[in-house]
1. Return the residues of the range 134-165 that are among the basic types (Lys, Arg) and open to solvent by 70 Å² or more (accessible area, probe 1.4 Å); say none if nothing qualifies.
2. So which residues in the range 33-75 are of a type in the set (S, T, N, Q) and under 11 Å from the mean Cα position of the chain (by Cα), if there are any at all?
3. Could you figure out which of (1) under 17 Å from the mean Cα position of the chain (by Cα); (2) modelled with pLDDT of 90 or more isn't true of Lys6?
4. Looking at Ile56, Ile45, which is the one that is touching a Leu at 6+ places or on another chain (Cβ under 7 Å), open to solvent by less than 100 Å² (accessible area, probe 1.4 Å) and under 20 Å from Phe131 (Cβ atoms)?
5. I'd like to verify a number: residues in the range 5-24 that are open to solvent by 10 Å² or more (accessible area, probe 1.4 Å), at negative phi and not charged (D, E, K, R), how many?
6. For the range 25-42, give me each residue that is open to solvent by 50 Å² or more (accessible area, probe 1.4 Å) and either without any contact (Cβ under 8 Å) to a residue 12 or more places away in the chain or of a type in the set (Ser, Thr, Tyr) (or both).
7. Can you run down the residue pairs with Cβ atoms below 6 Å, 6 or more apart or on separate chains, where the first is in the range 58-75 and farther than 19 Å from Ile45 by Cα and the partner is of a type outside the set (Asp, Glu) and part of a helix (DSSP H, G or I)?
8. Quick check, is Val30 at pLDDT below 90, part of a helix (DSSP H, G or I) and over 20 Å from Phe131 (Cα atoms)?
Amino acid sequence: MNRLVKKAQKGDADAFIELMEQNRMMLQRVAYGYFQGEEDVADVIQDTILDAFEHIQKLKEPEYFRTWLVRILMNNCNRLYNQNKKYTNISQMRGDPVTSCGTGNVEFLEMLKSLPEDSRLIFQLYYGEQFTTKEIGQMLKMKESTVKSRLHRGKEKLRVEMQVV
């Protein structure tokens, strides 16, 4: 992937398109964690691709491309969420990844549904997208220890729920 990033930074549009194709499903899964409607998901992904294309030369470390791309996506999701909040009831905006995401493992998505909202995105990024706790902390602008504690609390909650069933 680093090779593609470097080529895209030099202006190779085909390399950039290939990078976006490789990360398309990840972008969709994360965006569905924010929004229920396909239109909103498509909008933030489109904005993210445009922002990434316009600013890829500013990426200093090609190995952090995925982290950088998700951070752009999350910023765009937050921006659109805040814009729509002015006009729409919050309960209509904040999608449930289980019911709104048509991709991925259904059992994993069912598990996410039972987690507190502040842990869902962390679980999605850690277990669904295989980001490290350090990368997640950088993306969410929180300490790595906070990410680890939310993962731990979420796992404990799931463990208790599984014992009840």
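The values are calculated or read from the model by the stated rules, or taken from the named source; none is laboratory data. As the structure is a computational prediction, the values presented were derived from the model and not from experiment. We place every Cβ from the backbone using ideal geometry, glycine too, and count neighbours over all the protein chains shown. Ligands, DNA and RNA are excluded from the accessible area calculation, which covers all protein heavy atoms including side chains. Shrake-Rupley method; radii C 1.70, N 1.55, O 1.52, S 1.80 Å.
1. Kept after step one, since they are among the basic types (Lys, Arg), are these residues of the range 134-165: 134, 141, 143, 148, 150, 153, 155, 157, 159.
The answer is Lys134, Lys141, Lys143, Lys148, Arg153, Lys155, Lys157, Arg159.
2. Result: Thr67, Asn75.
3. Against the list (1) under 17 Å from the mean Cα position of the chain (by Cα); (2) modelled with pLDDT of 90 or more, Lys6 comes up short only on (1).
4. Details: Ile56 fails: touching a Leu at 6+ places or on another chain (Cβ under 7 Å).
Every option except Ile45 fails the conditions.
5. Taking the range 5-24 first, the residues open to solvent by 10 Å² or more (accessible area, probe 1.4 Å) are 6-7, 9-14, 16-18, 20-22, 24.
Subsequent filtering for residues that are at negative phi retains 6-7, 9-10, 12-14, 16-18, 20-22, 24.
Cutting the leftovers down to not charged (D, E, K, R) gives us 9, 13, 16-17, 20, 22.
Total satisfying the criteria: 6.
6. Across the range 25-42, the qualifying residues are Glu38, Glu39, Ala42.
7. That search, which allows pairs on different chains as well, returns Pro62/Asn2; Pro62/Val5; Pro62/Lys6; Glu63/Asn2.
8. Details: at pLDDT below 90: yes; part of a helix (DSSP H, G or I): yes; over 20 Å from Phe131 (Cα atoms): no.
Criteria not met by Val30.
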